[in-house]
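First up is the structure itself, then whatever we jot down about it.
Laboratory data are not the source of any read-out in this text; all were calculated from the coordinates shown. All of these numbers come straight from a predicted model, not from anything done at the bench. Glycine also receives a Cβ, built like all others from the backbone with ideal geometry; neighbour counts cover every protein chain displayed.
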Amino acid sequence: MINQHLQAKIAELQEFIYAWPDAREVKKALAVKLVYQGYKYEEIQTILDVSG
């Protein structure tokens, strides 16, 4: 279960993702969000189609 602090951070990142037009910054924010949600770095690389 995700705690309230982590949920707030994820919500904050989601707002940033929706508001920011720069694709690179959005990918960075998505990567952070996925880390907070417990994804492994290899999974994030696959999801976002980036190299490590």
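Any idea which of L34, L6 is surrounded by 15 or more Cβ atoms within 10 Å (Cβ to Cβ) and at negative phi?
Only one candidate qualifies: L34.
When the range 17-52 is examined, which residues are found to be part of a helix (DSSP H, G or I) and either of a type outside the set (A, V, I, L, M) or touching a Cys at 6+ places or on another chain (Cβ under 7 Å) (or both)?
Passing the criteria: Y18, R24, E25, K27, K28, K33, Y36, Y41, E42, E43, Q45, T46.
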